[in-house]
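The values are calculated or read from the model by the stated rules, or taken from the named source; none is laboratory data. Predicted model only: the values in this text are computed from it and were never measured. Glycine also receives a Cβ, built like all others from the backbone with ideal geometry; neighbour counts cover every protein chain displayed. We work out accessible area using only protein heavy atoms, side chains counted, and drop any ligands, DNA or RNA first. Shrake-Rupley method; radii C 1.70, N 1.55, O 1.52, S 1.80 Å.
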Amino acid sequence: KVSEVSEVMPKADIKPKSMHRAKTWSDDVENLYRFQQAGYRDEVEYKQVKQVDEVECWPETGFVKKLQRRDNTFYYYNRQRECEDKDVRKVKVYVY
């Protein structure tokens with residue numbers, strides 16, 4: 001039983017080394033925008049907090065489909081782009 005705890009612990013302590021702002025829109029920036037709207041840094045932090053292995057994505061685009069916030073309410077996203085050009089510079093890109 002101790003091995004289960006040791007497997008979870010290293011994942012729970014992943015911190016980004018640096019951060020910069022997005023300059024142009026891309027699929028990755030779109031997904032980061034969705035995670036940050038729901039109150040998370042990125043997919044890494046979401047998986048740590050919610051203890052999930054997979055994030056639900058649209059099969060056509062690969063964009064995040066549904067996220068659960070920390071207060072357990074859900075955000076649902078369209079299959080098309082939601083991050084407008086004016087919002088791209090607000091997206092934080094973390095480097096691990």
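Structure notes:
- Selection of the stretch 63-96 for residues being under 13 Å from VAL29 (Cβ atoms) and assigned to a loop (DSSP other than H, G, I, E, B) yields PHE63, ARG81, GLU82, CYS83, GLU84, ARG89, LYS90, VAL91.
- Criterion: in contact with an Asp or Glu (Cβ under 9 Å, 6 or more places away or on another chain) and open to solvent by less than 80 Å² (accessible area, probe 1.4 Å) - qualifying residue of VAL93, VAL44: VAL93
- Matching residues, the stretch 11-53, being within 11 Å of the chain's Cα centre (by Cα) and not in a helix (DSSP H, G or I): ALA38, GLY39, TYR40, ARG41, ASP42
- Residues located in the stretch 81-96, provided they are at pLDDT 95 or above and out of contact with any strand residue (DSSP E or B) (no Cβ under 8 Å at 6 or more places or on another chain): ARG81, GLU82, CYS83, GLU84, ASP85, LYS86, ASP87, VAL88
- Residues located in the stretch 16-32, provided they are without any contact (Cβ under 8 Å) to a residue 60 or more places away in the chain and open to solvent by less than 40 Å² (accessible area, probe 1.4 Å): GLU30, ASN31
- The stretch 70-90 - residue that is under 16 Å from LEU32 (Cβ atoms) and hydroxyl-bearing (Ser, Thr, Tyr) and, of those, surrounded by the most Cβ atoms within 10 Å (Cβ to Cβ): TYR77
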